[in-house]
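The values are calculated or read from the model by the stated rules, or taken from the named source; none is laboratory data. Treat the numbers as computed from the prediction; the structure is a model and nothing was measured. Backbone-built Cβ (ideal geometry, glycine too); neighbour counts: all protein chains shown. These area figures cover heavy atoms from the full protein model, side chains too; ligands, DNA and RNA do not enter into them. Shrake-Rupley method; radii C 1.70, N 1.55, O 1.52, S 1.80 Å.
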Amino acid sequence: MQYYFDWSVIWRNADRFAYALGLGLSLAVISLFIGSVIGIACAMARVYGARWLSWPVWLYVEFIRNTPLLLLVFFVYFGLPELDISYLDKTQSFILTLSLYAGAYMTEVFRAGLASIPKSYTEAAKAIGLRPWQRQRYVVLPVMFRITLPAFSNNLISLFKDTSLAAAIAIPELTFVARQINANTFRVMESWLAASALYLVTCYVIASALRRLERRYAAIR
């Protein structure tokens, strides 16, 4: 049986796709920001902290990295209310999950970045009399961000694609909207091709923009 494409269903729902795309990007950016804060704190604990700080961070990173993200989404959304933690709505619970997930990966990214900083940088900072917090603020962190910028960019793209799992708890991002349109109109190919195209184009635009940023700032000068 020959399949006939009817793209009018996509144009009629263009506003829904646009909203879903914006929501997915917002979820990814917010989660990466929170995850980066978590990652910096945990990386500092592992590199500069005492052993009793390093072990909990290691357990957190290994647990998150070796657990499927979808399982974590279900655990936070369905499991926490069973523990009387029910003040998060579905969007907040997904952001929490994705932030913790991003935090584990950013911990390793930032830890590697801290380990890659030449010792001469910190020694020069000591020589001019900078205090420990000043060395972190003006030397260590800026250089670390430059070193880790490519990995930071890749994580943003990865998190944007991971927002498709929000459809599992009925958050109206791209995958959820495409599934709804498919269920209501039975236009299987059009719905999923439109969603795939939006993911593809958005990821390409993000990657291109971030590559330009990397070429400008990634090198240590």
Would you mind finding the one in Thr163, Thr122, Thr97 that is surrounded by 21 or more Cβ atoms within 10 Å (Cβ to Cβ), on the phi < 0 side of the Ramachandran plot and without any contact (Cβ under 8 Å) to a residue 40 or more places away in the chain? Thr97
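Give me the helices (runs of 4 or more DSSP H) completely within the range 97-184, filtered to those with at least 2 residues that are in contact with a Ser or Thr (Cβ under 8 Å, 6 or more places away or on another chain), ordered by residue number.
141-162
Condition check: of a type in the set (A, V, I, L, M, F, W, C), part of a helix (DSSP H, G or I) and either open to solvent by less than 50 Å² (accessible area, probe 1.4 Å) or at pLDDT below 95 (or both). Does Ile220 satisfy that?
Against the criterion (of a type in the set (A, V, I, L, M, F, W, C), part of a helix (DSSP H, G or I) and either open to solvent by less than 50 Å² (accessible area, probe 1.4 Å) or at pLDDT below 95 (or both)), Ile220 does not qualify.
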Only one of Leu200, Leu156 is surrounded by 15 or more Cβ atoms within 10 Å (Cβ to Cβ) and of a type in the set (A, V, I, L, M); which? Leu156
Of the numbered conditions (1) open to solvent by 20 Å² or more (accessible area, probe 1.4 Å); (2) without any contact (Cβ under 8 Å) to a residue 24 or more places away in the chain; (3) farther than 25 Å from Ile181 by Cα, Tyr105 fails exactly one; give the number of that condition. (2)
Does Ala151 count as surrounded by fewer than 17 Cβ atoms within 10 Å (Cβ to Cβ) and either modelled with pLDDT of 85 or more or among the polar types (S, T, N, Q) (or both)? yes
Please tell me if Tyr3 is of a type in the set (Phe, Trp, Tyr), outside any helix (DSSP H, G or I) and open to solvent by 40 Å² or more (accessible area, probe 1.4 Å). yes
